[in-house]
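The values are calculated or read from the model by the stated rules, or taken from the named source; none is laboratory data. The shown structure was predicted, so the numbers you read here are calculated from the model rather than taken from an experiment. Here the Cβ positions follow ideal geometry from the backbone for every residue, glycine too, while neighbour counts run over all protein chains shown. Ligands, DNA and RNA are stripped out before the accessible areas are found, and what is left, the full protein with its side chains, is counted by its heavy atoms. Shrake-Rupley method; radii C 1.70, N 1.55, O 1.52, S 1.80 Å.
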Amino acid sequence: MKLLLTIVQDTDAPRLQEALIGEGLQSTKLASTGGFLHEGNTTLIIGVDDDAVDHVKAIIAATCRERTRFTSATSPIHALEGVFASQPMEVPVGGAIIFVLSVDAFERL
Ligand code: 2BA
């Protein structure tokens, strides 16, 4: 069994969860926050049999889109004097970040 720790944009999460349910797959949704943009995102915990991993990845790819976000990057001009300038920076976000973890055991007690 594998655990897919999947980070997606909030906008894509409902469509992804509906698609998973439609395929008889279970998931758990966690509210999370990206360390770079400090924006809310969604982390889905998806436990599946090994041979279903590619299928789940295909569902994620079909439901989660890459978008761009603007953030202000702060760069030091005279850091010693504490002078910083911020300039807008465009960064791509998503479609999804997926960590595939091996599961030692799955138990329902
Ligand atoms: P954030 O950390 O808020 O990052 C949002 C997007 O900002 C990233 O999109 C990436 O395109 C950009 N970015 C992140 N760090 C950067 C940096 N140091 N310099 C320039 N641009 C940077 P994604 O790569 O699609 O990541 C989306 C979200 O997935 C991340 O939100 C974070 O919550 C999570 N994530 C991505 N990689 C991760 C990792 N290795 N470990 C844990 N979480 C991760």
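A compact table of results
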item: Residue identified as among the acidic types (Asp, Glu), within 16 Å of the ligand (Cβ to nearest atom) and either closer than 30 Å to Pro88 by Cβ or more than 10 Å from the chain's Cα centre (by Cα) (or both) among Asp51, Asp10; result: Asp10
item: Those residues of the range 34-47 which are out of contact with any strand residue (DSSP E or B) (no Cβ under 6 Å at 6 or more places or on another chain) and among the hydroxyl-bearing types (Ser, Thr, Tyr), in sequence order; result: none
item: Within the range 1-73, strands (runs of 3 or more DSSP E) holding 3 or more residues that are of a type in the set (Ser, Thr, Tyr); result: 28-33
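For every residue, the table says whether it meets (1) touching a Phe, Trp or Tyr at 6+ places or on another chain (Cβ under 9 Å); (2) within 12 Å of the ligand (Cβ to nearest atom); (3) open to solvent by less than 40 Å² (accessible area, probe 1.4 Å).
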residue: Leu16; (1), (2), (3): no, no, yes
residue: Ile21; (1), (2), (3): no, no, no
residue: Ser32; (1), (2), (3): no, yes, yes
residue: His38; (1), (2), (3): no, yes, no
residue: Thr63; (1), (2), (3): no, no, yes
